[in-house]
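Student: Questions regarding the structure given below will be posed in turn.
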Amino acid sequence: MPSRRQALIAAAILSLALVIGAAALIFRPGGSAISMGEALIGGPFSLVDQNGGRVTEKDFLGKYMLVFFGYTYCPDLCPTELQVMTEAVDQMGAKGEAIQPIFISFDPERDTPASLKAYVENFSPRLIGLTGTAEEIATAARAYRVYY
C-alpha cells in the first residue's frame with residue numbers, strides 16, 4: 001500500500017500529465033495557439049454550504065473556482081484529491097487567494113451541511129463544502145459536465 005506522500009506525488013504527476021496533454025492539444029507545433037472559443041463547463045447552480053447558507057455561482061465572481069465532486073464517505077480518492085487540491089492552493093501563497101476550492105457532494109442523504117462542515121475542516125479553512133437536493137446537485141453536475 002503506497003504511503004500518503006507517494007499518493008500525493010502520484011496525484012501531482014497525474015495532474016501535471018493532464019495539463020501537459022491539454023497544452024499539447026491547444027498549442028500548435030509552431031507555437032501559435034488554437035482558438036478554442038468559450039469554455040463549455042460551469043454554469044448556474046444553487047446549493048447549500050457547510051454553514052447552511054444558500055450559495056450560487058455568483059458568490060464566486062472574481063475568483064477561479066477549483067471544483068471537486070465527491071462524497072464524505074469516500075474511503076480514499078476524495079480525501080486524497082482534496083488534500084492535493086488544498087495543499088496546492090495553500091502553496092501558491094498570495095496568488096492562491098484568487099482560487100476558491102469547492103467540494104460538492106453527490107450524497108445529499110448523508111452529506112448534510114453539518115457533516116460537510118466537519119469534513120471540509122480536515123483539509124483547509126478555505127475549502128467550501130456544498131450540498132443540496134438531488135435535483136440541485138444534478139443541475140450543478142450537468143453544468144460542470146460531471147457524471148456520477
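Student: Count the net charge of all other residues whose Cβ sits under 12 Å from the Cβ of residue 53, scoring Lys and Arg as +1 and Asp and Glu as -1.
Tutor: That works out to 0.
Student: Please calculate the 1.4 Å probe accessible area of residue 136, with all protein chains present, and give it to the nearest 10 Å².
Tutor: 50
Student: Can you pull the one-decimal nm distance between simple spin-label points at residue 122 and residue 60, each 7 Å off the Cα toward Cβ?
Tutor: If labels sit at residue 122 and residue 60, their model points lie 2.2 nm apart.
Student: With r defined as the distance between the Cβ atoms of residue 97 and residue 134 and R0 fixed at 35 Å, what FRET efficiency is calculated, to the nearest 0.05?
Tutor: The formula returns an efficiency of 0.55 here.
Student: Could I ask something else about it? Once ligands and nucleic acids are excluded and a 1.4 Å probe is used, how much of residue 71 is accessible, expressed in Å² to the nearest 10?
Tutor: 80
Student: Highest first, please rank the peptides 63-70, 113-120, 92-99 by the mean number of other Cβ atoms sitting within 10 Å of their residues.
Tutor: Ranked by mean Cβ neighbours within 10 Å, highest first: 113-120, 63-70, 92-99.
The values are calculated or read from the model by the stated rules, or taken from the named source; none is laboratory data. Since the model is a prediction, treat every value here as computed from it, not as a measurement. We place every Cβ from the backbone using ideal geometry, glycine too, and count neighbours over all the protein chains shown. SASA here: full protein model, heavy atoms, side chains in, ligands and nucleic acids out. Shrake-Rupley method; radii C 1.70, N 1.55, O 1.52, S 1.80 Å.
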